[in-house]
1. Only one of (1) touching a helix residue (DSSP H, G or I) at 6+ places or on another chain (Cβ under 8 Å); (2) without any contact (Cβ under 8 Å) to a residue 24 or more places away in the chain fails for residue 59. Which number is that?
2. All but one of (1) outside any helix (DSSP H, G or I); (2) surrounded by fewer than 17 Cβ atoms within 10 Å (Cβ to Cβ); (3) at pLDDT below 95; (4) under 17 Å from the mean Cα position of the chain (by Cα) hold for residue 70; state the number of the condition that does not hold.
3. Can you tell which of 90, 82, 113 is in a helix (DSSP H, G or I), without any contact (Cβ under 8 Å) to a residue 60 or more places away in the chain and under 22 Å from residue 6 (Cβ atoms)?
4. Among the numbered criteria (1) surrounded by fewer than 18 Cβ atoms within 10 Å (Cβ to Cβ); (2) on the phi > 0 side of the Ramachandran plot, which single criterion is violated by residue 20?
5. Any residue at all in segment 49-57 that is surrounded by 12 or more Cβ atoms within 10 Å (Cβ to Cβ) and part of a strand (DSSP E or B)?
6. Filtering segment 20-34 down to residues that are touching a residue at least 24 places away in the same chain (Cβ under 8 Å) and assigned to a loop (DSSP other than H, G, I, E, B), which residue is farthest from residue 76 (Cα to Cα)?
7. For segment 35-47, does any single residue satisfy the condition of being under 20 Å from residue 137 (Cα atoms), assigned to a helix (DSSP H, G or I) and modelled with pLDDT under 95?
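The values are calculated or read from the model by the stated rules, or taken from the named source; none is laboratory data. Predicted model only: the values in this text are computed from it and were never measured. Neighbour counts are summed over all protein chains in view; Cβ atoms, including those assigned to glycine, are modelled from backbone coordinates with ideal geometry.
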């Protein structure tokens, strides 16, 4: 699947949220790097969740591969530790909600989504420049 500018900016927000640290093993990276991934809980195939903040984690290549190798139950538990049990239900509902997917595409498509997440990333970088450390949340595209 081709990565779009919307994917790029969303991924940067996910990794910045975790301070460029793998949320599983704790290894820290210096941005920018492809060694730290934006790992989706529900695949990127679903427009309804592709750009949803609670659907993505910051994982190093090794940890991403670990979960991708048939360890769905462990990924479920790990995801719930970070976002809570309720998040799974929200993600499943959004992933298969046709009207939500159509609305995402209708409201400007990937260009508007890219613009939103670029602005969120810039906001996060301003917070970092002001001395804010730790996990930074970002606002999802609606």
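1. (2)
2. (4)
3. Only one candidate passes the filter, namely 90.
4. Of everything listed in (1) surrounded by fewer than 18 Cβ atoms within 10 Å (Cβ to Cβ); (2) on the phi > 0 side of the Ramachandran plot, residue 20 misses just condition (1).
5. yes
6. Looking at residues that are touching a residue at least 24 places away in the same chain (Cβ under 8 Å) and assigned to a loop (DSSP other than H, G, I, E, B), I get 29.
7. No: zero hits.
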